[in-house]
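A short reminder: the numbers here are calculations on the coordinates, not readings from a lab. Since we're looking at a predicted model, the values are computed, not measured. Neighbour counts are summed over all protein chains in view; Cβ atoms, including those assigned to glycine, are modelled from backbone coordinates with ideal geometry.
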Amino acid sequence: MSSTGAPEVSKILEEKGEINDELDYALMNYLLQNRGPGFTACQPSLVELKDGRKAVKMGIDNTFINKENEVMGLGIIGSLFIDFETLKVLFCTPLEELDKNREKLLKSGVVPQRRPKGKY
């Protein structure tokens with residue numbers, strides 16, 4: 001999945017990690033305001049960008065609530081990069097690309113999976 005305009009990663013510093021509740025909440029709001037409902041930031045990793053900056057890279061999962069009130073996810077359809085020092089969003093996959101990637105997953109027959117409550 002090539003996100004146009006995404007920063008280039010030179011190396012992965014920490015493959016798996018956690019973000020604090022404040023950043024998780026801020027990213028949830030960012031995605032809701034800038035990309036609309038149905039997107040969840042997940043799977044944080046710490047990376048070094050080609051320009052030398054450290055960033056938190058996160059996947060963007062297509063999520064929804066099913067009839068049983070469970071959080072379901074279709075899969076990773078984009079990425080989000082957050083500057084490690086300032087916590088400002090450096091890049092977020094454009095909505096058109098998120099929609100296109102969601103359609104690819106739907107057409108491929110991917111079945112939504114339950115997602116854990118809270119951060120993941």
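Some notes on this structure:
- For residue 96, the criteria (1) more than 13 Å from the chain's Cα centre (by Cα); (2) touching a residue at least 12 places away in the same chain (Cβ under 8 Å) hold in every case but one, which is (2).
- Qualifying residue in segment 52-68 (condition: small (Gly, Ala, Ser), surrounded by fewer than 17 Cβ atoms within 10 Å (Cβ to Cβ) and closer than 20 Å to residue 15 by Cβ): yes
- Any hit, segment 107-120, residues being touching a residue at least 24 places away in the same chain (Cβ under 8 Å), surrounded by 17 or more Cβ atoms within 10 Å (Cβ to Cβ) and among the aliphatic types (A, V, I, L, M): no
- Applying the criterion of being touching a residue at least 40 places away in the same chain (Cβ under 8 Å) and surrounded by fewer than 18 Cβ atoms within 10 Å (Cβ to Cβ) to the residues of segment 31-41, the residue that is farthest from residue 92 (Cα to Cα) is 36.
- Given (1) surrounded by 12 or more Cβ atoms within 10 Å (Cβ to Cβ); (2) small (Gly, Ala, Ser); (3) touching a residue at least 40 places away in the same chain (Cβ under 8 Å); (4) closer than 26 Å to residue 105 by Cβ, index of the condition residue 26 fails: (4)
- Complete set of residues in segment 69-80 that are closer than 30 Å to residue 8 by Cα and not aliphatic (A, V, I, L, M): 73, 75, 78, 79
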